[in-house]
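The values are calculated or read from the model by the stated rules, or taken from the named source; none is laboratory data. This structure is a prediction, so every number in the text was calculated from the model and none was measured. Every residue, glycine among them, receives a Cβ derived from its backbone with ideal geometry; neighbour counts consider all protein chains shown. Calculation scope for accessible area: heavy atoms of the full protein, side chains included, ligands and nucleic acids excluded. Shrake-Rupley method; radii C 1.70, N 1.55, O 1.52, S 1.80 Å.
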Amino acid sequence: MPLRQGPTMSLTQCEGVNNQSYFCEYGHCCGESQCCSYYYEVWWFWLVWVIILILCFCCICHHRRTKHRLQQQQRQHEINLIAYREAHNFPSVPFYFSKIHLHTLCLCIMQASVLNKG
């Protein structure tokens, strides 16, 4: 039966073997003549929790990075697939529609539209 001694003392009086009392400076009475610490009072308890939290955070970050990378690869695959389909649906541009001819054709169309408005 632990008894706290005064407001300034943190000793706990415990009953041991043959009703002999002993004092615990920390923790609580356990066994016949031992003082045991609460888990949250021990430094390694908090170290274990910090390590667990860091590992959880690392796993979450890794999962997110992997998820985003897979989504990006899937989008790029869809874009490539669309480009492939478009390239095979339309025949290649004939030789006479080279860049120079396309530029000239665009200029002619623009001039025709200006002349029609005027």
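In this label model, Ile54 and His88 are separated by 5.2 nm, measuring between points 7 Å along each Cα→Cβ vector. Largest accessible area first, the listed residues Phe45, Phe57 line up as Phe57, Phe45 when surface is computed with a 1.4 Å probe on the assembled protein chains. Across the range 32-39, coupling constants 3J(HN,Hα) worked out from phi with the 6.51/-1.76/1.60 Karplus curve, θ = phi - 60°, read 9, 7, 10, 10, 10, 8, 6, 4 Hz, and Gly and Pro carry x.
With R₀ fixed at 22 Å, the C-beta to C-beta distance from Trp43 to Gln13 puts the FRET efficiency at about 0.25.
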